[in-house]
Amino acid sequence: MTPFWFTENDLEEIQISYAVDRVLHESESDFQTIKVVESKAYGRMLILDGVAQTTDQDEFVYHEMMAHVPVSYHPNPQKVLIIGGGDGGIVRELLQHDCIQEITLCEIDGKVVDVCKEFFPHHVSGLSHPKVRVHIADGIAYVKELPVSSMDIILVDSSDPIGPGEGLFTAAFYRSVARALKPGGILVAQTESPWLPGAFLKGIADNIRAGFQTLRPYTGPVPTYQRGLWSWTLATNAPADQLVCHKERLEGIKTQYLTPALGQVILDIAPPFYLAKLT
């Protein structure tokens, strides 16, 4: 079979192309276009509105960094809410922690969940676990309706701040998240590539600051995301000196990227060039 090329554009500055053997699925939901392709370099790839979201080969970096970092820094994580994350990868990783008693996944697009169940069985392997509840709903509205101080950790696994993901980057949303977290609670949000323009990245950080007093960005490599290096931001209303890594929570789990040693220092090693953009 002769491969063809899927090309993704990044801010009209960069194009990246992937050789594709075949298209496995293509459809329209109420929110976005959904495509699954078999790429030569990264295996199966989920593409939403023309942007690669997850692949078989490198998904573990993103999902480990989203799940295990906040769990290792929270003093007693029991109840976790994921906004977005319809591919199920974060749920899979969280289920390795016995301390977590309840995981709620709130995904706006049920068709993404259905497609991933068919084509990404490793990603979604935890969605049927008895600790997990899946809600197909608007995450912004869902967070607004949560009782005050009801969650230990909230993870915002959004797409880029356009289309369905746009509202998950606003100051109003982060204030709602802060309201729903218990004292000492932790937010982690994906916060795009450190190589993006400073004004854009500072805007995201400033919106998070609308709800949280302590922000700790961290980074890791996700090869299939534009510009290669990705960032997440851990935020809390606890003082920064109370963020202590419980290393033992990382020692008994299976990971491919995040190690206990890296977990202990991950909040202290964000690149200076990136941190300078946020101030």
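The values are calculated or read from the model by the stated rules, or taken from the named source; none is laboratory data. Every value quoted in this text rests on a predicted model; they were computed, and no experiment measured them. Glycine also receives a Cβ, built like all others from the backbone with ideal geometry; neighbour counts cover every protein chain displayed.
Remarks
- From the list Lys35, Lys111, the one residue that fits, being out of contact with any Ser or Thr (no Cβ under 6 Å at 6 or more places or on another chain) and among the basic types (Lys, Arg), is Lys35.
- Considering each residue of segment 6-14 in turn, none proves to be under 22 Å from His123 (Cα atoms) and of a type in the set (Asp, Glu).
- Positions within segment 203-213 being of a type outside the set (S, T, N, Q), more than 17 Å from Leu11 (Cα to Cα) and over 17 Å from the mean Cα position of the chain (by Cα), in sequence order: Asp206, Arg209, Ala210, Gly211, Phe212
- Hey, Lys182 within 23 Å of Ala235 (Cα to Cα) and assigned by TED's automatic domain parsing to the domain that holds Ala240 or not: yes
- Any hit, segment 77-84, residues being assigned by TED's automatic domain parsing to the domain that holds Pro147, small (Gly, Ala, Ser) and touching a residue at least 12 places away in the same chain (Cβ under 8 Å): yes
- Only one of the numbered conditions (1) of a type outside the set (A, V, I, L, M, F, W, C); (2) assigned by TED's automatic domain parsing to the domain that holds Glu145; (3) free of Cβ contacts under 8 Å to residues at least 60 places away in the same chain is violated by Lys40, and that is (2).
- Residues in segment 225-261 that are at pLDDT below 95 and within 30 Å of Gly50 (Cβ to Cβ): Tyr225, Gln226, Arg227, Gly228.
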